[in-house]
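A.B. asks: Before we start, here is the structure in question, set down as structure tokens.
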Protein chains: 2
Amino acid sequence: MEDLKRALLEQFGLVFADASLLETAFTHTSFANEHRLLKISHNERLEFLGDAVLQLIISEYLYKKYPKRPEGDLSKLRSMIVREESLAGFTRDCQFDRYVKLGRGEEKSGGRSRDTILGDLFEAFLGALLLDKGVETVKDFLYQVMIPKVEAGNFERVTDYKTKLQELLQVNGDVEILYQVISESGPAHAKNFEVAVRINGREAGQGQGRSKKLAEQEAAKNAFEKESHSCF
Amino acid sequence: MEDLKRALLEQFGLVFADASLLETAFTHTSFANEHRLLKISHNERLEFLGDAVLQLIISEYLYKKYPKRPEGDLSKLRSMIVREESLAGFTRDCQFDRYVKLGRGEEKSGGRSRDTILGDLFEAFLGALLLDKGVETVKDFLYQVMIPKVEAGNFERVTDYKTKLQELLQVNGDVEILYQVISESGPAHAKNFEVAVRINGREAGQGQGRSKKLAEQEAAKNAFEKESHSCF
């Protein structure tokens, strides 16, 4: 806990007035359940709150960033940005995964690198920050941690290339596009996936990434670039 | 529009710095579509934003109000409070339905009293208020307009009596509980429903309300009170 406090101060200049909020945010249900007699609070209620403040800040950001886009597009973009996998990524970026308290079983089975746990942790942290410091501080934090990656197009790119590839190929009628994991390596917290994309059975591109989805995107991108050249 | 501005000032002490936000919030898509050449903005994007700020404020309220309830209960309560039907009710309470601009077809077919349109309008107004004045003003507004009704238990009661009745009766094995509309009267904006509840074919209670659901709740409540007495 002291390490976490130090890290928050050094990385983000944050000092919690109520440290018990921080404690709760970093306590997974599995830990609270194992120590039931101590009546420790876990982070599910804070996650509920954090999810809501995250949605609001991302919604307002998207509303202002894309003044011409219809509501449906904004919703789609938002759901890409706030999905579990990407939130887990932000937890890792902030190195919050080091500090979460897990039950023994959860720890053994690799919970510390599981996207569900890490995504929820990110939201719970935002909930604690909201209660301790208010919505403007949560906004500042997200503009420091998340928005630069959104600006860099990290989220628009996801699904884009798979969709783009499909749109490109379907101009010539129905095609079968298959993504296949060809290798999976590395320890649980630093996995590497290699994926190949096959168009009507023919391998059209490969990609790698720390999740299957990211590897698929890269494969789709490579295939897209090859295929769109071959059309000219 | 001038009437709306006056009403906002008189009822809520609100003056919009950017009146075009207000204009947009009160413009339904059907109106914008009818005047396509004028390129009028409609309220769907503001609704997207208003939904998010509403969720946050209600989430924070519930989190603080019910310090012992698990996340699942808070989610359920929140969804009851922010559902379309109840938001439409707040629009009517604020008399915002008077000011929404609808296309001619929509107006003719009773759009001005339709819950979807009025619920969306309430959210769009909150979105406009957020952009014009910030989250604290939206909070103040909701604490004036919505929270007193939530505190009065208007939302917890919904679904409660139907569930309570079912739980009471199922102690004695399976029973068939049916709700039946026995009359529907009044103009579109002020409907009145009468509903009867039948337990294994026998009428056990009646209720009325401005929606089918509210009337069912009242019928369930009446039946519950009779049935729970008859158990002693």
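A.B. asks: Specify which of the listed residues (A:GLU106, A:GLU44, A:GLU71, A:GLU84) is within 24 Å of B:LEU126 (Cα to Cα), charged (D, E, K, R) and not assigned by TED's automatic domain parsing to the domain that holds A:TYR161.
C.D. replies: Of the residues listed, the single one that is within 24 Å of B:LEU126 (Cα to Cα), charged (D, E, K, R) and not assigned by TED's automatic domain parsing to the domain that holds A:TYR161 is A:GLU71.
A.B. asks: Regarding segment A:164-181, can at least one residue be identified that is within 14 Å of chain B (Cβ to nearest Cβ) and either farther than 17 Å from A:ASP51 by Cα or among the small types (Gly, Ala, Ser) (or both)? Reasoning before the result, please.
C.D. replies: Looking only at segment A:164-181, we keep the residues that are within 14 Å of chain B (Cβ to nearest Cβ), and these are none.
So far as segment A:164-181 goes, no, none of its residues is within 14 Å of chain B (Cβ to nearest Cβ) and either farther than 17 Å from A:ASP51 by Cα or among the small types (Gly, Ala, Ser) (or both).
A.B. asks: Go through (1) open to solvent by 60 Å² or more (accessible area, probe 1.4 Å); (2) part of a strand (DSSP E or B); (3) farther than 29 Å from A:PHE90 by Cβ for A:ALA204 and report which single condition fails.
C.D. replies: Every listed condition holds for A:ALA204 apart from (1).
A.B. asks: Determine which member of the set A:LYS101, A:LYS68 is open to solvent by 50 Å² or more (accessible area, probe 1.4 Å) and at pLDDT 95 or above.
C.D. replies: Going through A:LYS101, A:LYS68 in turn, just one is open to solvent by 50 Å² or more (accessible area, probe 1.4 Å) and at pLDDT 95 or above: A:LYS101.
A.B. asks: In this structure, does A:PHE16 turn out to be assigned by TED's automatic domain parsing to the domain that holds A:VAL138, touching a helix residue (DSSP H, G or I) at 6+ places or on another chain (Cβ under 9 Å), open to solvent by 10 Å² or more (accessible area, probe 1.4 Å) and not aliphatic (A, V, I, L, M)? Explain how you work it out, then say what you get.
C.D. replies: Details: assigned by TED's automatic domain parsing to the domain that holds A:VAL138: yes; touching a helix residue (DSSP H, G or I) at 6+ places or on another chain (Cβ under 9 Å): yes; open to solvent by 10 Å² or more (accessible area, probe 1.4 Å): yes; not aliphatic (A, V, I, L, M): yes.
Criteria met by A:PHE16.
A.B. asks: Could you tell me which numbered condition B:VAL175 fails, if it satisfies all but one of (1) in a strand (DSSP E or B); (2) among the β-branched types (Val, Ile, Thr); (3) open to solvent by 20 Å² or more (accessible area, probe 1.4 Å)?
C.D. replies: The one condition B:VAL175 does not meet is (1).
A.B. asks: Do you know which of the residues in segment B:19-58 that are aromatic (Phe, Trp, Tyr) and open to solvent by less than 30 Å² (accessible area, probe 1.4 Å) is farthest from B:ARG104 (Cα to Cα)? I'd like the intermediate steps shown before the answer.
C.D. replies: To start, the set of residues in segment B:19-58 that are aromatic (Phe, Trp, Tyr) comprises B:26, B:31, B:48.
Restricting the remaining residues to those that are open to solvent by less than 30 Å² (accessible area, probe 1.4 Å) gives B:26, B:48.
Numbers: B:PHE26: 15, B:PHE48: 24 Å.
Here the answer is B:PHE48.
A.B. asks: Another question, then. Quick check, is A:GLY127 over 16 Å from A:GLU218 (Cα atoms) and more than 14 Å from chain B (Cβ to nearest Cβ)?
C.D. replies: no
The values are calculated or read from the model by the stated rules, or taken from the named source; none is laboratory data. What you are looking at is a predicted structure, and each value in this text was computed from that prediction instead of being measured. Please note: Cβ atoms are built from the backbone with ideal geometry, for glycine as well, and neighbour counts cover all protein chains shown. Ligands, DNA and RNA are stripped out before the accessible areas are found, and what is left, the full protein with its side chains, is counted by its heavy atoms. Shrake-Rupley method; radii C 1.70, N 1.55, O 1.52, S 1.80 Å.
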